[in-house]
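Participant: What follows is a structure written as structure tokens; I'll ask about it next.
The values are calculated or read from the model by the stated rules, or taken from the named source; none is laboratory data. Keep in mind that what you see is a predicted model, and the values were worked out from it rather than measured. Here Cβ is always computed from backbone atoms with ideal geometry, including for glycine, and neighbour counts include all displayed protein chains.
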Amino acid sequence: MRPAGANGIRSAGRASRAVKQVLKKEPRSTASRAALSQQAKRAASRRSAASRSAAARKASRTPKARSAAAKKAARTRARRQR
């Protein structure tokens, strides 16, 4: 097995540990419902509409998600008809 990284050091483990240490220092509020929602919205806004739509279609193919997706679609249609 060849060593990874430019200087021959396997960096994935080091990076993982570094991320873990940084996250331990974060306040608990960074994982709050509001914070996660904001992060998801920011991430989604950087993606194209086609990409978001494809992801939604892929997610809706799972059995559990199919009924949830159908309910959400019905809610969206009802809201747009007002």
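Participant: Here are the criteria: (1) modelled with pLDDT under 85; (2) in contact with a Lys or Arg (Cβ under 9 Å, 6 or more places away or on another chain); (3) assigned to a helix (DSSP H, G or I). Tell me which single one PRO3 does not satisfy.
Facilitator: Answer for PRO3: the failing condition is (3).
Participant: OK, next. Give the number of residues within segment 38-82 that are surrounded by fewer than 11 Cβ atoms within 10 Å (Cβ to Cβ) and in a helix (DSSP H, G or I).
Facilitator: 21
Participant: If LYS24 meets every condition in (1) at pLDDT 90 or above; (2) loosely packed, with under 10 Cβ neighbours inside 10 Å apart from one, which number is that one?
Facilitator: (1)
Participant: Return only the number of the condition from (1) modelled with pLDDT of 85 or more; (2) out of contact with any helix residue (DSSP H, G or I) (no Cβ under 8 Å at 6 or more places or on another chain) that ARG10 does not satisfy.
Facilitator: Every condition holds for ARG10 apart from (1).
Participant: Right, another one. Is one or more of the residues making up segment 6-18 of a type outside the set (D, E, K, R), within 17 Å of the chain's Cα centre (by Cα) and loosely packed, with under 11 Cβ neighbours inside 10 Å?
Facilitator: Checked against the condition, which is being of a type outside the set (D, E, K, R), within 17 Å of the chain's Cα centre (by Cα) and loosely packed, with under 11 Cβ neighbours inside 10 Å, segment 6-18 yields no hits at all.
Participant: Report whether or not ALA35 is modelled with pLDDT of 80 or more, surrounded by 12 or more Cβ atoms within 10 Å (Cβ to Cβ), assigned to a helix (DSSP H, G or I) and in contact with a helix residue (DSSP H, G or I) (Cβ under 9 Å, 6 or more places away or on another chain).
Facilitator: For ALA35, the condition - modelled with pLDDT of 80 or more, surrounded by 12 or more Cβ atoms within 10 Å (Cβ to Cβ), assigned to a helix (DSSP H, G or I) and in contact with a helix residue (DSSP H, G or I) (Cβ under 9 Å, 6 or more places away or on another chain) - is met.
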